[in-house]
Amino acid sequence: MNLNQLHTMTYTLNSGIKGSIQLSSKQIQDWIESYRVSSKYVTTVGKEHFGLNPELVADFKVHNEFSEQREHVAAIQPTVASKATEQLADAYSQHKVLIQVECKCGASYIEESAYKRNKWGCKECGDIVFLDSKKGIVETVKGKAWYMTNRYFVER
């Protein structure tokens, strides 16, 4: 993996505002770790400083030569991984949680995430589903999962 090669990361804030930035592989690793532990991310891109608060980010995607525009990249897992990316992959697999998605488009599926979320994008239609904290954790065929839906109003 070339650590100096830049990849486009697009993100959507909870407010719906979309943004994108060119980051190196190292910067992307740092961002994913900040996102996982909910710590503010600050880096330098060229001569500009860039900061992003993960608590305000609904979702993000990293685009590289192997990804399609709509593909979600949750973690960088190259075939020949450096020690840092192997540690990141280990951290991701140790902290993943299950999410049961029930969307108004009719989609119903179980998804994995690196952490508990309040919002998620439906993989069928792209609409946002919300964590139903009153329903909480539900039993699924893959184990216990957080329940997320947009079929009815969810108290946030």
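The values are calculated or read from the model by the stated rules, or taken from the named source; none is laboratory data. These numbers were taken from a predicted model, which means no experiment stands behind them. Here Cβ is always computed from backbone atoms with ideal geometry, including for glycine, and neighbour counts include all displayed protein chains. Only protein heavy atoms, including side chains, enter the accessible area calculation; ligands, DNA and RNA are left aside. Shrake-Rupley method; radii C 1.70, N 1.55, O 1.52, S 1.80 Å.
Listed values, structure above:
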{"item": "Options 61, 40: the member that is charged (D, E, K, R), closer than 24 Å to residue 116 by Cβ and open to solvent by 80 Å² or more (accessible area, probe 1.4 Å)", "result": "40"}
{"item": "Subset of region 47-58 (residues that are out of contact with any Leu (no Cβ under 7 Å at 6 or more places or on another chain) and open to solvent by less than 70 Å² (accessible area, probe 1.4 Å))", "result": "50, 51, 52, 53, 54"}
{"item": "Selected residue (only one of 92, 11 is modelled with pLDDT under 80 and surrounded by 14 or more Cβ atoms within 10 Å (Cβ to Cβ))", "result": "92"}
{"item": "Flag for residue 45 being in contact with a strand residue (DSSP E or B) (Cβ under 7 Å, 6 or more places away or on another chain), at pLDDT below 85 and among the aliphatic types (A, V, I, L, M)", "result": "yes"}
